[in-house]
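A short write-up of the structure that comes next.
The values are calculated or read from the model by the stated rules, or taken from the named source; none is laboratory data. Source: prediction; values computed, not measured. Virtual Cβ from ideal backbone geometry, glycine too; neighbours counted across all protein chains shown. Surface accessibility is based on the protein's heavy atoms, side chains included, excluding ligands, DNA and RNA. Shrake-Rupley method; radii C 1.70, N 1.55, O 1.52, S 1.80 Å.
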Amino acid sequence: AAGIWGIKAGLMNRNASKTMSIRSGGEGTTALEVATAFLALQIRQARGWLLTQPIRDLKRGALHWTYNVGFPAASLDDQDMTKLYQTCLASAIELAKLDGTLSIGKVRAKIATLRNPASAMEHAGGALYPEIAAAVAGFARSRKREDGLYAMIDIGAGTLDCGTFSLIGTKESDRCPIFMASVSLLGVQPFEICKDDPDLLTQVRREVDLRQREVIW
């Protein structure tokens, strides 16, 4: 079986429910189906690991599961991408509960029968959170935090996240307005692909500079 990379990048494509990620034996699998299958397996593994550990706290009562997934944008205003992520998470949570091998047929059937992704996701205990909000929250609670204006650059495997925010602390709570943020497909993997081509590498560097400047300016 061939390996798959760029699962997150594939899901960020607004045509993820139609774009083919794998073709084998004349049958194609969409980027949405691949992301859903991967997430379902990750949830199943996490739940299984936790339930097989001798953790005393688990014996105090029934477990209440919640599933929080990062959303690659400053807000949930992008309705098309939000619906894709809701469909992926809601389907993955339900698929993770099934016994036996997780086939692409089961994944496709679950996605096809999902009528209201937002409601199904919420009912299953799932939630989407803008990635920059999660990153900012982590920084705001760190020992190195200081009030002021910040620019954050996060270089991942397949994406480049840039954001600007202000951190203001009071006696009651913290205020952290996010001014602007962007997510682009300019992570480490695209850089590695282009590093042996001087022209492409120069273009990648220009694009990275541009994304940062757009947000900071």
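Things to note:
- Only one of Ile132, Ile168, Ile153 that is open to solvent by less than 20 Å² (accessible area, probe 1.4 Å), touching an Asp or Glu at 6+ places or on another chain (Cβ under 9 Å) and farther than 22 Å from Leu32 by Cα: Ile132
- Of the strands (runs of 3 or more DSSP E) lying entirely inside the stretch 113-190, those containing at least 1 residues that are at positive phi span 148-155.
- Selection status of Gln53, over 16 Å from the mean Cα position of the chain (by Cα) and part of a loop (DSSP other than H, G, I, E, B): yes
- Failed criterion for Ser91 (all others in (1) within 18 Å of the chain's Cα centre (by Cα); (2) polar (S, T, N, Q); (3) open to solvent by 40 Å² or more (accessible area, probe 1.4 Å) hold): (3)
- Residue in the stretch 173-200 that is modelled with the lowest pLDDT, counting only those that are more than 20 Å from Cys162 (Cα to Cα) and surrounded by 13 or more Cβ atoms within 10 Å (Cβ to Cβ): Asp174
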